[in-house]
1. Go through (1) at pLDDT 90 or above; (2) surrounded by 11 or more Cβ atoms within 10 Å (Cβ to Cβ); (3) under 24 Å from residue 117 (Cα atoms) for residue 100 and report which single condition fails.
2. Of everything in region 194-214, what is surrounded by 20 or more Cβ atoms within 10 Å (Cβ to Cβ) and part of a strand (DSSP E or B)? Give them in sequence order.
3. Name the pairs: first residue in region 56-83 and assigned by TED's automatic domain parsing to the domain that holds residue 122 and free of Cβ contacts under 8 Å to residues at least 12 places away in the same chain, second residue surrounded by 15 or more Cβ atoms within 10 Å (Cβ to Cβ) and in a strand (DSSP E or B), Cβ to Cβ under 8 Å, at least 6 apart or on different chains?
4. Can you tell me how many residues in region 92-135 are more than 25 Å from the chain's Cα centre (by Cα) and either assigned to a loop (DSSP other than H, G, I, E, B) or over 13 Å from residue 48 (Cα atoms) (or both)?
5. What's the number of the only condition in (1) exposed (fewer than 13 other Cβ atoms within 10 Å of the Cβ); (2) modelled with pLDDT under 95 that residue 105 fails to meet?
6. Those residues that are free of Cβ contacts under 8 Å to residues at least 60 places away in the same chain and part of a loop (DSSP other than H, G, I, E, B), I need them from region 167-192; list them, please.
7. Being in contact (Cβ under 8 Å) with a residue 40 or more places away in the chain and over 25 Å from residue 324 (Cα atoms): is that true of residue 210 here?
8. Given 248, 290, 304, which one is closer than 22 Å to residue 174 by Cβ and surrounded by fewer than 22 Cβ atoms within 10 Å (Cβ to Cβ)?
C-alpha cells in the first residue's frame, strides 16, 4: 500500500491554492448586448419602389432591442435625395418615416441603419432602390385662370405673340416690357398653358390690344414668374355698379360712372394692368388703375386710349354715363378699393 509523504501533501495544497488565486484574477465573462432587429412595417432589405415624378412615396421603419434600458436610433446612411422628409423617434422600439416627391426621373439608392445608442451594436443596414419614372405625356395643357383664381406674369423681354403655341404661328402682336400709357412694368393675364416638351412651355395670354378681348400665345421664356390672385373685378355698365370679389365672395361694392354713349366703356374680359398713385392732376383723383381695355372710339388718344379706373374731382356727377370710357369713382371709394385690388386681377365689364 503506497502512501503520500507529508511534503507531497503540502505541495499539492500549495498548487491548489495558487490555482484558486489565479482563477480569482480572471474576470468573469460578460454577455454581449442584445441585438438590434428590424421589424414590421420595415420593408425587406433590397426592396425596390417605383414612383411617378411629382407623386409622393412613403414608407415606415421600425427597429427594437431586448437589451434592458437599451435605446435604438434609426438613421440614414449617407445623404438622402433632395427634398426627402425623414423623421425618427428613439426608444426601445424606434420608429422612422420616409416621404419623398421626386421632381426628376432617375434611380436613387437610400440606406438606413438602426443602432443601440452608446454602443456599436447595430442591425444590418437596409438598402432600398427608388425608381422615379417620368409619366408625363406631351403636349400637356392646363388652365391657369378661372372664376376663383388667376395668374399673371411680367413681360421680361420683347415678346412676339403668336396665334398658336408654335414659332410657325401667325404673329398677333409684340409686347414690350413697359406700358405705353403709364410707363409701368408691362404684364399679361395668363389664361392657360401648354407644355410642348419638358423644356418648352407656351402661355395663352389676354392682350392689351385692339380689338378688345384678343388673346395669343407667348413663350414662357419671355415672361417672368407666375403670380396668383384670387380677386375678380366686375363692372356693370347698366346699373353703374362696381363689385370686387375675393375667392368668390363680395368684399367691396361702389357706384361708378362709365363712358358716354358716344365714348362707351368697352364690354368684355380684361385685367388690371397697373396701379398709379400720387397724381398731380386732381381730375383723376388720388389713385388710378390702368386696365387692358381700350376705347373703340378714342384710338388716337395718347398711350392708345386705355380705359382706367380712377377717382374724380366731380363726385356730384356720379353715378351715370359721364366719361370718355374710363370708370370713375368717388375718391373715398377708390382709396378703399386700392387697399383690396392687386394688379393682375381679372376685370369683367358687362
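The values are calculated or read from the model by the stated rules, or taken from the named source; none is laboratory data. These figures come from a predicted structure and were not determined experimentally. Cβ coordinates were reconstructed from backbone atoms using ideal geometry, including for glycine residues, and neighbour counts include every protein chain displayed.
1. (3)
2. 202, 203, 204, 205, 206
3. Every condition considered, no pair remains.
4. The qualifying residues number 19.
5. (1)
6. 167, 168, 169, 170, 176, 177, 183 - these are the residues of region 167-192 that are free of Cβ contacts under 8 Å to residues at least 60 places away in the same chain and part of a loop (DSSP other than H, G, I, E, B).
7. no
8. 304
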